[in-house]
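The values are calculated or read from the model by the stated rules, or taken from the named source; none is laboratory data. This is a predicted model, so every value here is computed, not measured. All Cβ positions, glycine included, derive from the backbone under ideal geometry; neighbour counts span all protein chains shown. All accessible areas refer to the heavy atoms of the entire protein, side chains included, with ligands and DNA or RNA removed. Shrake-Rupley method; radii C 1.70, N 1.55, O 1.52, S 1.80 Å.
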Amino acid sequence: MFSRLPERLRHTLGLRLALWYSAIFVASSLAFIALTYLLLSASLRQYDREIIETTLAEYANAYRAGGVDALANAIRTNQAAAGYEPLFVRAVGPYQDVVFLSPQTEWRRFDLSQLATPALNEGQQWATLVDGRTGDVLDVASVQLPDGTLFQVGKSTARREALLARFRTILLVDFLSLVLLGLAGGAIFTSSALRPVRDLIGTVREILRTGRISSRVHAQDTGDALDDLGQLVNAMLDRIEALIAGMRGALDNVAHDLRTPMMRLRGIAENALQSSNDPVALREALADCLEESERVVAMLNTLMDISEAETGTMKLLREPVNLRELIQNAVELYEDVAEDKGVALANGTIEDVCIEVDRNRTRQVLANLLDNAVKYTPAGGRVDISARREGAQACVRVADTGAGIATDELPRIWERLYRGDKSRSERGLGLGLSLVKAIVGAHGGTVSVTSTPGAGSTFVICLPTCPPQAPGQRAQNLSPM
């Protein structure tokens, strides 16, 4: 078990995030420390060279003005100043004789023979001497005076290296502190960053443990990606909870609505078995059973269509369709039904609009709306249907002068198997309007209703129109009815 612990930790998201954060933080800190050290080293080196150049110019001028005595006085004056560091000063005459060397004992450890007369051409040249025993370095600047004297000033790097060594020690301590700070910061950062994920995991575990989906992820409106994920999960849980509640209600309604035809089937079959062997009576019983079974099948098929449309799995054969012709066919289908009931079915203003829809499904929508309007409009009433283009959509209005819909029932008429108090006296499945909304929604359209109890209802469906086309192509693209 313990042998697998490092492997498990290595695959832990929190540990990986913490290590990545720490690595980036430490690498950035190391780069900053290295850059600081390089800049300091370069600055100190440049500072030493500026001291050497300044002193070289000062001592050379003193030597030209008063010879060795003036040079010695200038050196003593500088030595009396606070913080003075011993400098290598040498003057070599035109015949390679050492005119001046101060102080002599300080620089014996360096091989001064390497400072032979260079070809300076009245310019300045740098040389570096290294003590092979101690590793000390002496930077020397040389200049050729007009009288041929080679004048040289140098400075040891020992103090500079000692200062850099102390600085490296400080930087090492700082680096180790930054490593610890990076690890701690990585752990804190990871813990804070993964808190929404842990909340999400806790919520899912609670749902799996209890089987209840009422638990929600604690999310705040911060705009963070993980917080948005928590809000989306909550929205998904709300949707699932609503769907489950709807499914339970639908199953209850289905069970209730199926009970009646099934009991009717059982009653017809029992009566047929108990009656005499009259072929006519038996044939009528079989016909009644067939009618009830067809009603059950129709209910199940409609429920399947609604489910497919709502989940996006319904196959829609979209094609350009002339809306006017589609409405006229639906009106012709219900003219006789309306006439038998004494309801006037009239066409209002119907514009010649091309819509891109599934022909059969759209015909089913129009048929359900007209059937619903004619069914709930009393004799002497009127049903009007009209259509017009509204922007990128074509809207169809079906208005009736029926009993209307109660205000408290209006939001529920789209629910499956819901039937209001006034509709229970009419024969039906209570699925027509649910199917209308599902099919229209699958097309990317909208459906709405306005109703006044006692004055009628108006249903409006809006469907997408055909894309803009050249005038000569429109007639060719419309499918024949």
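For the stretch 160-210, give me the residue count where each residue is under 30 Å from Ile75 (Cβ atoms) and open to solvent by less than 60 Å² (accessible area, probe 1.4 Å).
Step one: of the stretch 160-210, the residues under 30 Å from Ile75 (Cβ atoms) are 160-166.
In the following step, the residues that additionally are open to solvent by less than 60 Å² (accessible area, probe 1.4 Å) were identified as 160, 162, 164-165.
Number satisfying all stated conditions: 4.
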Report summary line: Scanning the stretch 391-423 residue by residue, the ones that are of a type outside the set (Val, Ile, Thr), more than 19 Å from Gly454 (Cβ to Cβ) and modelled with pLDDT of 90 or more total 4
Report task. All but one of (1) at pLDDT 80 or above; (2) within 30 Å of Pro468 (Cα to Cα) hold for Glu284, so report the exception by its number. Result -> (2)
Query raised in the report: From the set of residues in the stretch 86-144 that are of a type in the set (Ser, Thr, Tyr) and exposed (fewer than 11 other Cβ atoms within 10 Å of the Cβ), which is modelled with the lowest pLDDT?
Result: Thr105
Requested in this report: Mind counting the residues in the stretch 275-310 that are open to solvent by 100 Å² or more (accessible area, probe 1.4 Å) and within 39 Å of the chain's Cα centre (by Cα)?
Outcome: 2
Report task. Could you check, for the stretch 434-445, whether at least one of its residues is surrounded by fewer than 15 Cβ atoms within 10 Å (Cβ to Cβ), over 43 Å from the mean Cα position of the chain (by Cα) and either outside any helix (DSSP H, G or I) or modelled with pLDDT of 90 or more (or both)? Result -> no
Query raised in the report: Exactly one of (1) among the β-branched types (Val, Ile, Thr); (2) within 26 Å of the chain's Cα centre (by Cα); (3) surrounded by 14 or more Cβ atoms within 10 Å (Cβ to Cβ) is unmet by Thr157. Its number?
Result: (2)
Requested in this report: Starting from residues that are over 27 Å from Glu319 (Cα atoms) and in contact with a helix residue (DSSP H, G or I) (Cβ under 6 Å, 6 or more places away or on another chain), keep the ones in the stretch 338-378 and report whichever is most open to solvent (accessible area, probe 1.4 Å).
Outcome: Leu345
**Report entry** In the stretch 3-52, the residues that are open to solvent by 90 Å² or more (accessible area, probe 1.4 Å), among the aromatic types (Phe, Trp, Tyr) and at pLDDT 85 or above
**Finding:** Phe32, Tyr47
